[in-house]
Amino acid sequence: MNDVKMAQKKIVVIDDEGDLLKLTRTRLEASGYKVLTLDSGEHALEFVRSEKPDLILLDIVMPVKNGCEVCKELKADKAIANIPVIVFTAQYPEEEYVKINTEEIGADDYVLKPFDAQELLAKIKFLMK
């Protein structure tokens, strides 16, 4: 197996906003990550179990199953609980909710929408050590 293939980290991005999903994918791929996307949290648990990514970027506000529910499910599954999760959230009041409840929902970190690409990449790099 070549070194580039072995070094490439896989990130799953889950967000119901198509434009943000495309933008995030483009930025992460340009930084050398393999990116898989989902446009809802409904099947996230099964998808993450099968793909075993190195990190998950997860939107908080989504229809059907929100990011808090998804994050709790992911962190409750012993087979995938160690995968770092960064949640996306908009400005207040969601930001306050995430700050207060990060431990309860199991997120490892969060970024605010619209996010700064360099800040997001730094958080990803830190969590993938």
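The values are calculated or read from the model by the stated rules, or taken from the named source; none is laboratory data. For clarity, every value in this text was computed on a predicted model and none was experimentally measured. Methodologically, a virtual Cβ is constructed for each residue, glycine included, from the backbone with ideal geometry; neighbour enumeration extends over all protein chains shown.
Some observations on this one:
- Among the residues of the range 52-65, the one identified as out of contact with any Asp or Glu (no Cβ under 7 Å at 6 or more places or on another chain) and surrounded by fewer than 16 Cβ atoms within 10 Å (Cβ to Cβ) is Lys52.
Condition check ((1) touching a Ser or Thr at 6+ places or on another chain (Cβ under 8 Å); (2) among the charged types (D, E, K, R); (3) in contact (Cβ under 8 Å) with a residue 12 or more places away in the chain; (4) not in a loop (DSSP other than H, G, I, E, B)) across all residues:
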| position | (1), (2), (3), (4) |
| --- | --- |
| Val48 | no, no, yes, yes |
| Val61 | yes, no, yes, no |
| Lys65 | yes, yes, yes, no |
| Cys71 | no, no, yes, yes |
| Leu74 | no, no, yes, yes |
| Ile80 | no, no, yes, no |
| Phe88 | no, no, yes, yes |
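- Some residue of the range 83-99 being among the hydrophobic types (A, V, I, L, M, F, W, C), surrounded by fewer than 18 Cβ atoms within 10 Å (Cβ to Cβ) and modelled with pLDDT of 90 or more: no
- Residues in the range 15-35 that are touching an Asp or Glu at 6+ places or on another chain (Cβ under 6 Å) and either over 18 Å from Phe115 (Cα atoms) or not in a helix (DSSP H, G or I) (or both): Asp15, Asp16, Val35.
- When Gly41 is tested against (1) in contact with a helix residue (DSSP H, G or I) (Cβ under 9 Å, 6 or more places away or on another chain); (2) at pLDDT 95 or above, just one condition goes unmet, and that condition is (2).
- Among the residues making up the range 116-129, those that are over 27 Å from Ala76 (Cα atoms) and either modelled with pLDDT under 85 or outside any loop (DSSP other than H, G, I, E, B) (or both) are Ala117, Gln118, Glu119.
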